[in-house]
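The values are calculated or read from the model by the stated rules, or taken from the named source; none is laboratory data. Note that the structure is a prediction, hence the values are computed from the model and not measured. Every residue, glycine as well, gets a Cβ built from its backbone with ideal geometry; the counts of neighbours run over all protein chains shown. SASA here: full protein model, heavy atoms, side chains in, ligands and nucleic acids out. Shrake-Rupley method; radii C 1.70, N 1.55, O 1.52, S 1.80 Å.
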Amino acid sequence: MRKTLTILAATTVLAAPATAETLAVVGSWSSLPLHNEYEAPFWTETLPAASDGGIEVELTTHNQMGLGLGDVYPLLGQGVYDVAMTVADYAVSDAPELEGLDVPLVALSADEARAMVDAARPMVADIYRERFNSHVLAIAPYPPQVVFCNAEIDGLDDMRGLKVRASGRMTAKLLEALGAEGVNVSFAEVPGALQNGVVDCAVTGAGSGYSAGWWEVSTHLMPLPLGGWDPVVTAINLDRWNALSAEMQSLIESEIATGFEDPAWATAQDALVNDIACLTGNGDCPAGDARDMVLVEASDADFERAREILTTEVLPDWAERAGADWTARWNDSVGATVGVTIE
């Protein structure tokens, strides 16, 4: 893979200054707004310009490389490429403690979600260093993960018995506790699964679903954030990071904060409102043609019921998998920020 990346960017490398650092970067889903509007411009334009030619970037994405989603960070740790970014939930089979970064129903606005992520960041940094030999550079959001259904629903009760694709393990546990049947389907396979009845509903970001055409194969949209905010972690191989000069490290960290992370968070809340308008036709759609999905507003009772299941069943279940030390760290950081304590 490393050889392929090098060949693809051979002309760029040959033209670079002799002292330039060349970073092989693997981005998240190439079709989605986070990559096209923030990742790609940052790595191909903002950072090279800020470095005055000191950094050259070879950029591809994990789907363009055909990587298994669970392989993205382990391969990063092995040094197959220098930088990688994808949804943290894709790595929880190797790091169950990482599930504590993306907890559904505890952050209902972008500001609350960022506060939760900032509180979790020291934990996440330790997890990536210990599990994936990597240094965390940024954590950016997808919009809140909402529910697309190719079935008529009026609220949470109607999801009982339905087959639902979850966006992460904690979301799957929540859906199962609500009476739904969790089904493991990759993001790219969801449209076919909805169309063919493999699943009745699926959870993803509203904007992701709009961009990927889920409105073509689903009829009802429930914007209750059952899937959290699906944080995307950007990390760099730790050996590669340690080989960089202190000045280069400082430049990368300051530029990625202001040129990637901050802008992605700044638009997250408006993106949700706009994406729901695009999917349902309830409001103006700045992204293109509005669609006509049925908007299902979850009731206060729905929210309270789901939140109770989260705190009494789902989070304690995660605490058993993560262990007492990580649970205590979560309580003292994320839990203190969102007002939840795992007993």
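Annotations for the structure displayed:
- All told, LEU59 meets the bar of being over 16 Å from the mean Cα position of the chain (by Cα), without any contact (Cβ under 8 Å) to a residue 40 or more places away in the chain, open to solvent by 10 Å² or more (accessible area, probe 1.4 Å) and farther than 30 Å from VAL338 by Cβ.
- Test: residue in region 309-329 that is over 24 Å from the mean Cα position of the chain (by Cα) and of a type outside the set (A, V, I, L, M): yes
- Looking across region 314-340, just one residue is surrounded by 17 or more Cβ atoms within 10 Å (Cβ to Cβ) and in a loop (DSSP other than H, G, I, E, B), and that is VAL340.
- Every residue from region 319-343 that is out of contact with any helix residue (DSSP H, G or I) (no Cβ under 8 Å at 6 or more places or on another chain) and small (Gly, Ala, Ser): ALA324, ALA328, GLY335, GLY339
- Checked against (1) β-branched (Val, Ile, Thr); (2) within 15 Å of GLU261 (Cα to Cα); (3) without any contact (Cβ under 8 Å) to a residue 60 or more places away in the chain, VAL117 passes all but a single condition, namely (3).
- Unique match (being within 26 Å of ARG114 (Cβ to Cβ), at pLDDT below 95 and open to solvent by 30 Å² or more (accessible area, probe 1.4 Å)) among ALA306, ALA266, ALA301: ALA266
- Of all the numbered requirements in (1) assigned to a helix (DSSP H, G or I); (2) under 27 Å from ALA268 (Cβ atoms), LEU75 misses one, and that requirement is (2).
- Looking across ALA15, ALA9, one residue alone is of a type in the set (Gly, Ala, Ser), modelled with pLDDT under 95 and open to solvent by 30 Å² or more (accessible area, probe 1.4 Å). It is ALA15.
- Selection within region 238-254 - open to solvent by 50 Å² or more (accessible area, probe 1.4 Å), closer than 17 Å to ILE139 by Cα and touching a strand residue (DSSP E or B) at 6+ places or on another chain (Cβ under 9 Å): GLU253
- Condition met for VAL146 (open to solvent by 10 Å² or more (accessible area, probe 1.4 Å) and over 28 Å from GLY323 (Cβ atoms)): no
- Taking the numbered list (1) open to solvent by 30 Å² or more (accessible area, probe 1.4 Å); (2) part of a helix (DSSP H, G or I); (3) over 13 Å from ALA235 (Cβ atoms) in turn, SER93 passes all entries but (2).
- For beta carbons closer than 6 Å, sequence separation of 6+ or different chains, a first residue in region 252-268 that is over 15 Å from VAL232 (Cβ atoms) and a second that is open to solvent by 30 Å² or more (accessible area, probe 1.4 Å), the qualifying pairs are GLU255/ALA50; GLY259/THR46.
- Unique residue being more than 23 Å from ALA301 (Cα to Cα), open to solvent by less than 10 Å² (accessible area, probe 1.4 Å) and modelled with pLDDT under 90 when the list is SER134, SER208: SER208
- Residues that are touching a residue at least 40 places away in the same chain (Cβ under 8 Å) and either crowded, with 21+ Cβ neighbours inside 10 Å or at positive phi (or both) within region 120-131 comprise ALA120, VAL124, TYR128, listed in sequence order.
- ASN282 being open to solvent by 30 Å² or more (accessible area, probe 1.4 Å) and assigned to a helix (DSSP H, G or I): no
- Evaluation of ALA257 against the conditions (1) touching a helix residue (DSSP H, G or I) at 6+ places or on another chain (Cβ under 9 Å); (2) open to solvent by less than 40 Å² (accessible area, probe 1.4 Å); (3) assigned to a helix (DSSP H, G or I) shows that the sole unmet condition is (1).
- On inspection, ASP158 fails the criterion of being under 29 Å from GLU255 (Cα atoms), open to solvent by 10 Å² or more (accessible area, probe 1.4 Å) and over 15 Å from the mean Cα position of the chain (by Cα).
- Strands (runs of 3 or more DSSP E) contained in region 104-203 and holding at least 1 residues more than 19 Å from VAL92 (Cβ to Cβ) and basic (Lys, Arg): 163-165
- Residue in region 40-56 that is more than 30 Å from GLY213 (Cβ to Cβ), open to solvent by 20 Å² or more (accessible area, probe 1.4 Å), of a type outside the set (A, V, I, L, M) and within 22 Å of the chain's Cα centre (by Cα) present: no
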